[in-house]
Amino acid sequence: MLDLPVAVASQPIRFHSTHIPPATYDAVATALSSKHLRAGGSYSRKAKALVSRHVGHDRVFLTNSCTSALEIAALALDLGPEDEVIVPTFTFCATATAFARKGTRIVLADIDPATMMVTAETLEARLTSRTRAVVVVHYGGAAAPMAAIKDLCDRHNIVIIEDAAQAFGTKQDGRAVGTCGLFAAYSFHETKIISAGHGGALVLNSGNPHLRERVEELLARGTNFPAFARREVNHYEWTSVSSSFEMPDLNAALLYSQLEHAKEILFKSRAIWAYYERALRNLPVEILRPGKGTQANGYSFAFLAQDRETAERLLEGSARLGLGMQSHYKPLHLSRFAGQNLAGSCPGAESTWDRLVRLPVHMDLNTGEAARICDFLQADLG
């Protein structure tokens, strides 16, 4: 049982609530008083150092969103219309948009219904001679089976980009999720387990100095300003097409204060996940559980109801009683934007997406609220 106060029974439960450690206010005030609110200030350096400690190296670049981090990866790889990138059909649209903006052909892969994530088998089914990269989405704070996926991609000389938007703090086989592919992208959006309000990070898991220089130029809006700042050139100039991708220092102050309390946040999230699992394990639902060797961050607790009608009934009951439960996104190949180029058969996603139910997990959730949610589910499904 979570050792927290009991909620008032009539109080609506929020699906998400951003945790703001007390030290956040001092960090923001210090950032404001420094009058260095753009990227590259003291909090940018401090937050980057903590993310670097998590991944085990310093090739970390703070961005204004996870989408921006993915776009930098697409630009750095120089992907174009002749290239194909495989993306899971069950993901947020930004995973595909980041690469589609380059004109790259998006190929959608099916997912494993037990995890809602791609596998080596679902990726291999979409490989062609034009495949340049695969994007692996670590759904719900768990982790896709990276060992098998890496083996597949190494054999075919294909780049792996990890969309770890939901997976900061997750570990697989003892290593941080986001350290297997050439690139990884984290999200520090308000709705994520660690938040900068709006922000992200790109991780480059390669010591290739040319690739690092390319990323730095893209972050400098397509200029060689980093070389100018190091006094390697007398003037800086336009070097490539890019955009404004960096995280402002004010957001980095928010991020730093949360990273300082990451252990506490992860502990609470995992405790809530475990509470739900114990309470609901005997109900006729399929709980999405982390794979073997994965220590999930607890970001999301989700299950598959027996059918769509049951899921809809649960969500309607939750809305009526203020229990905060939610569904999630529609697979990309079923979306209005997909069109003929993205359409295809993905039976794993098609059999699961409209049965998915997610429960609230956040630092403000207390024992009484978690119990109300479980009591409702047990009464309806038990």
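The values are calculated or read from the model by the stated rules, or taken from the named source; none is laboratory data. The structure displayed is predicted, hence computed values, not measured ones. No Cβ is skipped: glycine too gets one built from the backbone with ideal geometry, and neighbour counts run over all protein chains shown.
Which residue, of Val134, Val118, Val159, Val87, is more than 18 Å from Tyr299 (Cβ to Cβ) and surrounded by fewer than 24 Cβ atoms within 10 Å (Cβ to Cβ)? From the options Val134, Val118, Val159, Val87, the qualifying one is Val159. With respect to the conditions (1) without any contact (Cβ under 8 Å) to a residue 24 or more places away in the chain; (2) in a loop (DSSP other than H, G, I, E, B), Pro284 falls short on a single one, namely (1).
Rundown of residues vs (1) touching a strand residue (DSSP E or B) at 6+ places or on another chain (Cβ under 8 Å); (2) closer than 30 Å to Ser195 by Cα, yes/no style:
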residue	(1), (2)
Arg126	yes, no
Val135	yes, yes
Ala148	no, no
Asp154	no, no
Val159	yes, yes
Glu162	yes, yes
Phe168	yes, yes
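Does at least one position in the range 116-131 carry a residue that is without any contact (Cβ under 8 Å) to a residue 12 or more places away in the chain, among the aliphatic types (A, V, I, L, M) and in a helix (DSSP H, G or I)? No, that holds for no residue. Only a single item in (1) more than 24 Å from Val137 (Cβ to Cβ); (2) in a strand (DSSP E or B) is not met by Pro226, and it is number (2).
Do we have Asp112 as in contact with a helix residue (DSSP H, G or I) (Cβ under 8 Å, 6 or more places away or on another chain) and within 23 Å of Arg175 (Cβ to Cβ) here? Judged against the criteria, Asp112 is a match.
The single residue among Ile72, Ile13 that is outside the structural domain of Gly199 (by TED's automatic domain parsing) and in contact with a helix residue (DSSP H, G or I) (Cβ under 6 Å, 6 or more places away or on another chain) turns out to be Ile13. The single condition from (1) surrounded by fewer than 22 Cβ atoms within 10 Å (Cβ to Cβ); (2) touching a Leu at 6+ places or on another chain (Cβ under 7 Å) that Leu204 fails is (1). Taking Leu32 as the residue in question, decide whether it is at pLDDT 95 or above and assigned to a helix (DSSP H, G or I). Answer is no for this residue.
Look at (1) more than 30 Å from Ala76 (Cβ to Cβ); (2) of a type in the set (Phe, Trp, Tyr); (3) touching a residue at least 24 places away in the same chain (Cβ under 8 Å) and you find that Phe267 fails only one, number (3). None of Gly317, Gly298 is among the small types (Gly, Ala, Ser), over 23 Å from Ile86 (Cα atoms) and within 24 Å of the chain's Cα centre (by Cα) except Gly298. When Glu286, Glu277 are checked against the criterion of being among the charged types (D, E, K, R) and in contact with a Ser or Thr (Cβ under 9 Å, 6 or more places away or on another chain), a single residue qualifies: Glu286. Checked against (1) closer than 19 Å to Lys102 by Cα; (2) surrounded by fewer than 19 Cβ atoms within 10 Å (Cβ to Cβ), Leu218 passes all but a single condition, namely (2).
Which condition number in (1) assigned to a loop (DSSP other than H, G, I, E, B); (2) hydrophobic (A, V, I, L, M, F, W, C); (3) touching a strand residue (DSSP E or B) at 6+ places or on another chain (Cβ under 9 Å) is the one that Phe337 fails? That leaves (3) as the condition not met.
For the range 109-124, a tally of residues being touching a strand residue (DSSP E or B) at 6+ places or on another chain (Cβ under 6 Å) and closer than 25 Å to Ala76 by Cβ returns 3.
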